Amino acid sequence: MNKAVVIGSGIGGLTSAILLAQRGWKVTVLEQHYRPGGCLHRFFRQGLGFDTGFHYVGSAGPDESFGRIMRHLGVYDRVQWRPMDAAGFDVLRFPEFEISVPRGLTAWQQRLEEAFPSEVKGIRAYVQLHREAVSAYGLYNLDLGISSLDVIRWEEMPLTTVLSELFSDERLRAVIAGHGAPLYGVPPSEAPFGVHAVVTDHFLGGGWRIAGGGDRLAKALCSRLRELGGEILLRAEVDRIQVADGVATGVILKDGREFSASLVVANNHPKRVAEMLPAGSLRPIYRERLAEMSPGRSHFGVYFRIRGDLAVCEGRNLFRYSTWDVEAAERGGDLGEVPFYFLTAPDPGIALAIVASNWEQWSSHHVEVPSLRSGEGPAREEGYRRQKEVMIRAIVDTLRREHPTVEWELLDASTPVTAAHYLRTPNGASYGHYHTVGQMGRYRIPSAVRVRQLVQVGQSVAFPGICGAAMSAYSGLGGVLGLETLVQELRAL
Ligand SMILES: Cc1cc2nc3c(=O)[nH]c(=O)nc-3n(C[C@H](O)[C@H](O)[C@H](O)COP(=O)(O)OP(=O)(O)OC[C@H]3O[C@@H](n4cnc5c(N)ncnc54)[C@H](O)[C@@H]3O)c2cc1C
């Protein structure tokens, strides 16, 4: 029997594991955390559950892109899908201006035309370009053949270039960029139009939550994998990937345990994968390029019990900008500033706010991020705690001022160091690789590297978001299982 090991139980890793197990592979998923799911992880405070990296997903209807993947994996009916408000699932709030994003690209076009009547021509051209860009991604757009030739063009085209060519109203540029930037974590001047188009398109398929949050999805994927004979080992941190004659042959854990396999699937960050490989196994040019590449930006999260009416978040998320400068907001404000926050309230009585945050603002305050298996938290200096307090205060004050009828009881907060600690991602990067024009297109991270029988999956090799990370498993394992076969199976559902 073919044996595979999967490093990491994020949605990219679990999707890969199920695809292999469905085809008779004996699969072992090795997860360093004490809970499976990666960004699907949910934590509890005072009995209330908070999601970390899953608040909603797009296109989860049974015949839409993410819904089809879930059906193909056999988990669609194991979770309860909760559609968000079709008339406006994301509310974009700017100074003295508000617009909500409805389900469907055509409805979104109409809403933009109503709000910006002098820009109708540009909006139509924009929608046309959006459709063309999305069509270049064969795996996303199942009605088309698999072609990836065009994607370089779309991924090397900055979003700002498109927006400034098509629109003269700066507010319209901010609205389009302001919906996308927080979803992929790149400011508009560096955001590839292809990434913007695909990520926003999948959300335009309609926003969906899951009852019980990302944790329920992680549990459903894990139980499906076990049913297929696979296993998931927790607190199993991979230290090295073994390679013989250019072929991956297994992994060694930090605690010394060894697992041999004829296929190694890496769901962790590509920079970390490179560190796990023996010297000389990667092409020097790839290693150098990887070393120069930035991991993406991180985030600061604040988690609340709420009492009162947060109507703006009923079936919706709030993207709130205090400025029209989306570029600056996406880069994260200075300490104590809140130029942007994402606010969501997926269950009654709770809410959480997320703001962009940079590793550099926090890294000077901590000594090291120890392995989770050590049971120790990162060593944090007094300065780190003070800085965290300043950010919490700024966010809480902003929320109290802007939503005065709600009572906000702070239950916890997380920083980029928290993300680095729990996900072992460099710089606590929220979306893995920094998906910029300079790091996508020709310089995209490949799923196959020089080491044979090693496949990289996850958001870094595809698109940010749980749909993107799940799709990465199809494109990555396409070389092993046959991409055309996988696509045909998805199409036939
Ligand atoms: C704050 C935040 C909010 C988000 N909100 C949304 C949202 O609402 N909707 C959406 O679609 N997407 C959202 N995302 C993005 C989405 O969560 C991710 O794109 C996706 O879940 C990434 O999946 P992945 O499989 O690539 O990796 P991950 O989920 O990062 O999984 C990687 C796994 O590898 C494990 N690992 C790492 N190193 C090792 C090692 N050495 N040994 C063993 N295991 C290891 C990690 O512990 C982790 O479990 C959000 C992300 C963040 C951070």
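Key figures for this structure:
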| item | result |
| --- | --- |
| Candidates Ser9, Ser59 - the one that is touching a Pro at 6+ places or on another chain (Cβ under 8 Å) and within 11 Å of the ligand (Cβ to nearest atom) | Ser9 |
| Top-ranked residue of the stretch 31-49 - restricted to ones that are crowded, with 24+ Cβ neighbours inside 10 Å and outside any loop (DSSP other than H, G, I, E, B), ranked as farthest from the ligand (Cβ to nearest atom) | Leu40 |
| Where a residue in the stretch 275-286 is among the hydrophobic types (A, V, I, L, M, F, W, C) and its partner, wherever it lies, is part of a loop (DSSP other than H, G, I, E, B), with Cβ under 9 Å and at least six apart | Met276/Asn268; Leu277/Val449; Leu277/Val451; Leu282/Val449; Leu282/Arg450; Leu282/Val451 |
| Some residue of the stretch 76-99 being exposed (fewer than 15 other Cβ atoms within 10 Å of the Cβ), in contact with a Ser or Thr (Cβ under 8 Å, 6 or more places away or on another chain) and not in a helix (DSSP H, G or I) | yes |
| Any chance Ser135 is at pLDDT below 95 and either touching a Gly at 6+ places or on another chain (Cβ under 6 Å) or not assigned by TED's automatic domain parsing to the domain that holds Ala17 (or both) | yes |
| Residue in the stretch 225-242 that is nearest to Val79 (Cα to Cα), counting only those that are of a type outside the set (Asp, Glu) and more than 16 Å from the ligand (Cβ to nearest atom) | Arg226 |
| Residues located in the stretch 125-139, provided they are in a helix (DSSP H, G or I), closer than 15 Å to His202 by Cβ and of a type in the set (Gly, Ala, Ser) | Ala133, Ser135 |
| Helices (runs of 4 or more DSSP H) enclosed by the stretch 150-191 - at least 1 residues per element that are within 19 Å of Tyr341 (Cβ to Cβ) | 170-184 |
| Val273 vs. criteria in a strand (DSSP E or B) and within 16 Å of the ligand (Cβ to nearest atom) | no |
| Qualifying residue in the stretch 172-194 (condition: at pLDDT 95 or above, basic (Lys, Arg) and more than 19 Å from Ala469 (Cβ to Cβ)) | yes |
| Scope the stretch 440-493; condition among the β-branched types (Val, Ile, Thr) and in a helix (DSSP H, G or I); matching residues | Val461, Ile466, Val480, Thr485, Val487 |
| Candidate set from the stretch 416-446 (those that are within 14 Å of Ala274 (Cβ to Cβ) and more than 10 Å from the ligand (Cβ to nearest atom)); member that is modelled with the lowest pLDDT | Pro426 |
| Failed criterion for Val27 (all others in (1) crowded, with 24+ Cβ neighbours inside 10 Å; (2) near the ligand (Cβ under 9 Å from one of its atoms) hold) | (2) |
| Selection within the stretch 243-255 - surrounded by fewer than 18 Cβ atoms within 10 Å (Cβ to Cβ) and within 14 Å of the ligand (Cβ to nearest atom) | Ile252, Lys254, Asp255 |
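Here's the yes/no breakdown for (1) of a type in the set (Asp, Glu); (2) assigned by TED's automatic domain parsing to the domain that holds Ile11; (3) within 16 Å of the ligand (Cβ to nearest atom); (4) closer than 27 Å to Ser363 by Cβ:
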| position | (1), (2), (3), (4) |
| --- | --- |
| Arg450 | no, yes, no, no |
| Ala469 | no, yes, yes, yes |
| Tyr474 | no, yes, yes, no |
| Leu483 | no, yes, no, no |
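The values are calculated or read from the model by the stated rules, or taken from the named source; none is laboratory data. Keep in mind the model is a prediction, meaning the values are calculated, not measured. For neighbour counting, all protein chains shown are included, and Cβ atoms are generated from backbone atoms with ideal geometry for every residue, glycine included.
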